[in-house]
Each structure stands twice: as structure tokens, then as C-alpha cells.
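Okay, so here's the structure we're looking at.
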Amino acid sequence: MTEAKVREQYDQVASQYDWRWRSYTAQTLDFLQACAKISSSANVLDVGCGTGEFEQRLVKEHPDQHVVGVDLSENMLEIAQKKFSSHSNVQFQHASVLALPFPKQTFDVVVSANAFHYFDQPLAALAEVKRVLKPQGQLIILDWCRDFLLCKVCDAVLKIFDSAHQQCYTQAEFHQLLASAQFEISQTTKDRFGLIWGLMAAVATPKQL
Ligand SMILES: C[S@@+](CC[C@H](N)C(=O)[O-])C[C@H]1O[C@@H](n2cnc3c(N)ncnc32)[C@H](O)[C@@H]1O
């Protein structure tokens, strides 16, 4: 049900997304790229890739980077695909985080930016991401942080008025989810964006059991 709503919402906004969110996307994805430090040889999966803006940053830094972006919205993916028509190393696929169409241990790095609050089964999403990550691979998630007042208010309002929105987490809740999904956090940060908005990011690796 939530996934259908997310798809519908992003299919509708896709054509204006880059223009409307240009400043927010630039700030957040530049921040993510700085946290992530992805090596040029890494095989990267971007979950909830949207219009491929993070892929643009990766390929600008490393033109031969192998990246796959997945998203629920075909219209967002269509825009992403157009940006990379001449790059065979960057691909996009229509898929949910809950059913990634890849064999286990495929990727060195999985990133997800500004999408975790849409996942209606966060533990199942993390388990699926863990399945496709190599044992020494890195998961890098950036999302809104409910420790900040405006995010808290937005989360409450969106839960009432936006059926696509699922849940915005505090940093402690987010870390608890990662631990429950058997990830070990190696780097974590939370920061104010602009005057009032707040984001958090974590870099985590699968726990070696
Ligand atoms: C706010 S946009 C962020 C796009 C991009 N990561 C960025 O930061 O510019 C959230 C994206 O996550 C996608 N999404 C939400 N839930 C998803 C799910 N369960 N599986 C895959 N993609 C999902 C949406 O379709 C949307 O394109």
C-alpha cells in the first residue's frame, strides 16, 4: 500500500523534481558524497536513486564508476536514464528495496539518500540490503533526523496528511535499527541544514557473525 502511494507521488512530481529540489539535493548529496568516500573501483547500488543526481556526482568524480540505481518510480528512473544515455557503467532498474533484483553479495557499497523515511518495513529493507552487500561492504544512509524540531513536526504532519510518508527516526532509533539488522556502525553524523532542517548519516558494515 505505501509503496503504491510512493510510486504514485513520485511519478507525479518527477518532471519538476530536479528543479524544485535543486538546492536541497545539491546540499544533501554533496554532504553524502563527502561522508561516503567511495572508491573508484567500488560497485555501487543506490536505493531510492530518484532522478540520478547522486550518480551524477559519483561519475563526475570517477567517470568509470559502476553504479546501479533502483527506484519505485518509473518516471523518476526515466529522467535518471536520460542523464546517462552515454554511460554504460551507470544503470537504472525499477525495484523496491524489499526485493532487490541482484544475487547476494553483489555490491561493495549500498547508498540510500533521502529515502529511508519511506520504507514501510525498515528491518526487512536493511536485511535485503545486507543480502546484496559483500561481507566487507559498506552501507551508507542519509535521511531526515527527528532529533530536530522541524523534522519532528514534519514527521507528525506528514503521517496524517501524506500516505506515502512512513516514519522519520531519531538518531538513536536509526542506530537501533541498524544494530537489529546486524550492522556495525563505523561512522555517524547528524547536522543542521539551513537554519532549521536536520539530517543524519551513518556508514555501517555487516556484522561478522
Ligand atoms: C526524496 S526522493 C530522493 C531521491 C534521491 N535519492 C535524492 O536524494 O535526490 C525518494 C526516492 O525514494 C524512492 N523510494 C521510496 N521508497 C522506496 C522503496 N521502498 N524502494 C525503492 N525506492 C523507494 C522514491 O520513489 C523516490 O524517488
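Computed from the coordinates by the stated procedures, all read-outs in this text should not be read as laboratory data. Computed from a predicted structure; not experimentally measured. Please note: Cβ atoms are built from the backbone with ideal geometry, for glycine as well, and neighbour counts cover all protein chains shown.
Please find the FRET efficiency linking Leu150 to Ala172, where r is the Cβ-Cβ separation and R0 is fixed at 22 Å, and quote it to the nearest 0.05. All intermediate terms of the calculation are to be shown ahead of the outcome.
Working: r = 18 Å, r/R0 = 0.84.
So the FRET efficiency works out to roughly 0.75.
Determine, for Val153, Val97, Val203, the number of other Cβ atoms within 10 Å of each Cβ, and report the residues in order from fewest to most. Mind dumping the intermediate values first?
Values: Val153 12, Val97 25, Val203 19.
Arranged by neighbour count, lowest to highest, Val153, Val97, Val203 become Val153, Val203, Val97.
What net charge do the residues around Thr189 carry, taking every other residue with its C-beta under 15 Å from that of Thr189, with Lys and Arg at +1 and Asp and Glu at -1?
Working: positive: Lys37, Lys190, Arg192; negative: Asp30, Asp143, Asp147, Asp191.
Summing Lys/Arg as +1 and Asp/Glu as -1 gives -1.
Sequence-distant or interchain residues sharing an amide H contact under 5 Å with Val111, placed H: which?
Residues meeting the amide H criterion: Leu45, Asp46, Val47, Ile140.
Using a 10 angstrom Cβ neighbour count of at most 16 plus a DSSP loop assignment to flag exposed trypsin sites (Lys or Arg not before Pro), which longest range of the chain is free of such sites?
Formally, the longest exposed-site-free interval is 105-206.
Over the range 2-206, what is the percentage of antiparallel beta bridges among all DSSP beta bridges, to the nearest 5?
Once the DSSP bridges in the range 2-206 are tallied, antiparallel ones form about 45 percent.
Under a Cβ-only charge scheme (Lys and Arg +1, Asp and Glu -1), can you give me the dipole magnitude of the range 2-206 about the Cα centre, in debye to the nearest 20?
Values: 18 positive and 23 negative charges, 49 e Å.
Dipole about the Cα centre, nearest 20: 240 debye.
Rank these for me by crowding, Ile141, Ile196, Ile79, Ile38, going from fewest to most other beta carbons within 10 Å.
Details: Ile141 26, Ile196 11, Ile79 18, Ile38 21.
Listed from fewest to most nearby Cβ atoms, that is Ile196, Ile79, Ile38, Ile141.
Run down the lysines and flag those whose C-alpha is under 22 Å from the C-alpha of Lys82, throwing out any fewer than 8 positions away in its chain.
Lys60
Viscosity 1.567 mPa s, temperature 4 °C: give me the Stokes-Einstein translational D for the chain in µm²/s, with Rh taken as the Kirkwood radius over C-alpha pairs. Show your work: numbers first, answer last.
Working: Rh = 17.1 Å.
D = 76 µm²/s.
Which of the lysines could be linked to Lys207 by a straight reach, that is with a Cα gap under 20 Å, when you skip same-chain ones fewer than 8 residues away?
Reachable lysines: Lys104, Lys130, Lys134.
Using only the Cα atoms of the range 77-178, construct the convex hull and provide its projected area averaged over every direction, in square nanometres to one decimal.
Orientation-averaged projected area of the Cα hull: 7.7 nm².
Please enumerate, by chain and number, the lysines with C-alpha under 24 Å from the C-alpha of Lys152, excluding those fewer than 8 residues away in the same chain.
Lys5, Lys190
Out of Leu32, Leu123, Leu199, any idea which swings most in a Gaussian network model of the chain, alpha carbons joined below 10 Å?
Result for the chain, Cα springs under 10 Å: Leu123 fluctuates most.
Fewest Cβ neighbours within 10 Å first, please rank Val67, Val111, Val132 accordingly.
Fewest-to-most ranking of Val67, Val111, Val132: Val132, Val67, Val111.
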